[in-house]
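Worksheet for the structure shown next.
The values are calculated or read from the model by the stated rules, or taken from the named source; none is laboratory data. Being a predicted model, the structure only gives us computed values, none of them experimental. Please note: Cβ atoms are built from the backbone with ideal geometry, for glycine as well, and neighbour counts cover all protein chains shown. Remember, those area values only see protein heavy atoms, side chains included, never the ligands or the DNA or RNA. Shrake-Rupley method; radii C 1.70, N 1.55, O 1.52, S 1.80 Å.
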Amino acid sequence: MNLLAAVLGAYFLYLLQKYLYRKWWDKNLEIELKFNKDTAKEGDSLTLVETITNRKLLPLPLLKVKFRTSRNLVFPGMENASVTDNYYRSDVLSLMMYQKLTRQLPFLCSRRGYYTVDRVDIICSNLFLSSEMVMDCPQQLSLYVYPRTVTAPSFDPMFKTLLGTVLTKRFTNEDPFEFRGIREYQPYDALKSVNWKASSKTGELKVNAFNYTSSFQVKLLLNLEQETALKQEDLEEESIRLASTLSEKFLAQGIPVSLLTNCRSLTGEVNETIQAGSGIHHLDTINKALSLLDTSKTPLPFVSSLEGQCLESTTEYVIFLSTYQKEDFQDLLCHMAAIKMDFIWILPVNKDITAAVKEEIKSKTIIWTAA
């Protein structure tokens, strides 16, 4: 009789705890994921902070926490995860009554990009581990991983050359809206600058003098068309890193920078033009745009989509970043050279891609060997 009572009591306890867990296990149970930073650079180490709070009397002896993100965020302890195109992490823990648990999950940002965690699945078992309950917790977690800064020894000499050229152009271009005065005509002056009224009064040719422009800026044009049928992913990423690093260096010198590219973003759209700007916030704008570029998507043909942008301004120093060197692209550069436009072509190469530059633009080309 006592045995039967014990069995019935145990069975009643089993049913009671099963009912309680099924009804109340997710009450006042909260989970929050957050990165310790909103932005990072390739190669940086960050932390994902996981906070789980159980605000009730019912303990949770076996809790599984699962989430998905990109495999380019490399977490240690891969025995707890599966990795395909994405990273799937599953952790097992327990929470007592009215307990808050915070865990620090370090990871490495191995690649430029934009990464999110949009949901966490929580799976809970009852005391007897006889059944499981699942809760889906939406999250709004995002991280921009900026391109890595180029630190090759050959970069500084190249940048000094570019900076010297830009500064020279900046102070040899007059601003037609900044009138300074009238001076005597010199043989190098254009006829359009002659002030005929002043010349008629003095009997000598006089010309209008203007202040030098303060709006001379750098325009970066990033061309990610493929040079060969074989995708050169290392050169694409090197071109993006160069765009980021050049932006940072020019902005540090107080020179406004704009950016255009024919590469599509993660949404499939071609990024809007980033207009010229300056300051640390503008650098963030450029780096965020570069983080969103998706090189797996086919870019627009560069010449047909951006030719007008290349030819439109005389107050910008244009820097092309392009491994693509086919006839249509080089013809555009030859035309720009023929009409005396200011530009330079940085051509990233590796052991599989060699430079074949037309004679007319060799003096305006820098061969960059990717590491």
Efficiency by 1/(1 + (r/R0)^6): what FRET value for THR315 and ARG183, r their Cβ-Cβ distance, R0 = 22 Å, to the nearest 0.05?
0.45
Expected 222 nm ellipticity per residue - DSSP helices of 4 or more, -39500 (n - 2.57), all of the chain, to 500
-8500 deg cm²/dmol
At a 10 angstrom cut-off on C-beta neighbours, averaged per residue, how do the peptides 103-114, 151-162, 234-245 rank from highest to lowest?
234-245, 103-114, 151-162
Could you work out the pair-distance distribution P(r) of the range 1-111 from its alpha-carbon pairs, with 5 angstrom bin width and percents rounded to whole numbers?
2, 10, 16, 17, 13, 11, 10, 7, 5, 4, 3, 2, 1, 0, 0
Solvent-accessible area per residue for the chain at a 1.4 Å probe radius, Å²?
53 Å²
P(r), alpha carbons of the range 194-324 - 10 Å bins starting at zero, rounded %:
12, 37, 26, 10, 8, 6, 2
Once both axes come from the Cα atoms, what is the angle between helix 2-24 and the longest principal axis of the chain, in degrees from 0 to 90, rounded to 10?
20 degrees
Quick one: plug the Kirkwood hydrodynamic radius of the range 131-171 (C-alpha pairs) into Stokes-Einstein at 37 °C, 0.692 mPa s, and report D in µm²/s.
213 µm²/s
So the carbon and sulfur contribution to the accessible area of the chain, 1.4 Å probe, in percent, is 54 percent
Rank ILE346, THR315, LEU333 by how far each Cα sits towards the positive end of the charge dipole of the range 313-368 (+1 on Lys, Arg Cβ; -1 on Asp, Glu Cβ) and give me just the farthest.
ILE346
With ASN72 itself left out, Lys, Arg at +1 and Asp, Glu at -1 over residues whose Cβ is under 11 Å from its Cβ give +1
Give me the log10 of I(q) over I(0) for the chain at q = 0.06, 0.08 Å⁻¹, as the Debye formula computes it from C-alpha points; what are the numbers?
-0.40, -0.59
Based on the Cβ-Cβ distance from SER110 to SER154, what FRET efficiency comes out when R0 is 22 Å, to the nearest 0.05?
0.35
Backbone N within the range 346-362 under 17 Å of label point (7 Å from GLU327 Cα along the Cβ vector)
356-360
In a Gaussian network model over the chain where Cα atoms closer than 10 Å are linked, find which of GLU359, GLU227, GLU307 has the largest mean-square fluctuation.
GLU359
Pick out, from GLN139, PHE155, THR39, the residue whose Cα sits farthest towards the positive end of the charge dipole of the range 1-157, with +1 on the Cβ of Lys and Arg and -1 on the Cβ of Asp and Glu.
GLN139
Whole-number Å³ per residue for the convex hull built on Cα positions in the range 270-371:
136 Å³
Simple spin-label model, 7 Å along Cα-to-Cβ: VAL7 to LYS231 in nm?
6.5 nm
Loop-only check: which trypsin sites (Lys or Arg not before Pro) in the range 292-351 are DSSP coil with at most 14 other Cβ within 10 angstrom?
LYS326, LYS340, LYS351
Using the basic label-point model (7 angstrom from Cα toward the beta carbon), what is the THR267 to LYS100 distance in nanometres?
3.7 nm
With +1 on each Lys and Arg Cβ and -1 on each Asp and Glu Cβ, how big is the dipole of the range 232-371 about its Cα centre, in debye rounded to the nearest 20?
260 debye
Give the Debye-formula value of log10 I(q)/I(0) at each listed q (0.18, 0.21, 0.24, 0.25 Å⁻¹), with one equal scatterer per alpha carbon of the range 235-277, two decimals each.
-0.60, -0.77, -0.92, -0.96
Calculated from backbone phi, Karplus (6.51, -1.76, 1.60) coupling profile of the range 339-349 in Hz, x at Gly/Pro
9, 6, 7, 8, 7, 9, 10, 9, 10, x, 9
Cα-Cα over 22 Å: which of LYS219/LYS288; LYS160/LYS288; LYS340/LYS362; LYS18/LYS100?
LYS160/LYS288; LYS18/LYS100
